[in-house]
Structures are given as C-alpha cells and as structure tokens.
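See structure below.
The values are calculated or read from the model by the stated rules, or taken from the named source; none is laboratory data. Computed from a prediction, not measured in an experiment: that's the story for all the values here. Using ideal geometry, Cβ is built from the backbone for each residue, glycine included, and neighbour counts are taken over all protein chains shown. The area values use the complete protein model at the heavy-atom level, side chains included, leaving out ligands, DNA and RNA. Shrake-Rupley method; radii C 1.70, N 1.55, O 1.52, S 1.80 Å.
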Amino acid sequence: MAVTGWLESLRAAEKTALLQDGRRKVHYLFPDGKEMAEEYDEKTSELLVRKWRMKSTLGGLGPWQLEVGEPAPPGGGSLGPELIKESNANPIFMRKDTKMSFQWRIRNLPYPKDVYSVCVDHEERCIIVRTTNKNTRSQKRLWWPNQSYRRS
C-alpha cells in the first residue's frame, strides 16, 4: 500500500484510545471492516504490540493476527475450541519496532547461541537462521516487510 493511501486510511479510521497498566492502547476500526490494535509504552512511546483482525467470509470476526510484539501468555490451561495446543518448547519468532530500528527476536531456542548462524539474503529479502548442529540441521527464514517500512 502506498504511504499516502495508508495515511488516508488511518485518518478515515474510527479511533479509540485509553491508558491502562502503563500502556497506551489505541484501537482502529477501518471503513472496510478491518481492525488494528496497538499498544505503546506510556513512558517511552515504544510500540509494544500491533495486531490485526479481519472479518471472515461469513461476516464474523476472525482471530487476531499478531504483527509486532509477543503473544499473550496462555490463560489458566484453557485449550480453546481446537483442543490442541502448540508445544511451549518451540521457538517463538517476533518482531519489535523501535524508533531507531526494526528488531526480530527469537525466544525458546533449544540449543546455545553459538550453535546458530544468522545471515541476510538481500535478493529474497529475508533473514536466515541456521543451526550448525550436524545431527539436526535446520533453518528458519524471517521475511522482512515491503519497502514502505524502510527507515530513512
């Protein structure tokens, strides 16, 4: 989406804001039915969470899709409607935006840091995280967003 189109859609959105638990929470409702919720640190104004929700094909509200920040900790052992839960031993990949940089963070790595190598593929526009362990070689690609996210 072009920058001017994004700014116009932000201006056209219905906005609600509140302060709670040291966070400034802003909710956007766009004319096309999409929703965006952002949370900022009250003291530093740093973006902590950004998530999106779209209407399903039948018009109901879909699940929240996390774009920036850490997922909320699961509550009280409730498995939800699926009755299947992802293992908490799997690595968790998240993006964190600051005023000076974009950061990608990885939690729950099963091996020590020196087992991993990180490289950047500029042509495919991704960050590649590989293990150097001979028994279990694996890699994960983290795609970065389009050019409109570039810092000047």
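Go ahead and collect, in residue order, the members of the range 30-69 whose backbone nitrogen is under 18 Å from a label point 7 Å along the Cα-Cβ direction of Arg11.
30-32
Kindly state, to the nearest 0.05, the FRET efficiency for His122 paired with Thr44, given R0 = 25 Å and r defined as their beta-carbon distance.
Efficiency at R0 = 25 Å is approximately 0.20.
Past 27 Å, Cα to Cα: identify those pairs from Lys43/Lys140; Lys51/Lys140; Lys43/Lys96, in the order given.
Violating the 27 Å limit, Cα to Cα: Lys43/Lys140.
Sort Asp97, Asp21 by accessible area with a 1.4 Å probe, largest first.
The residues order as Asp21, Asp97, largest area first.
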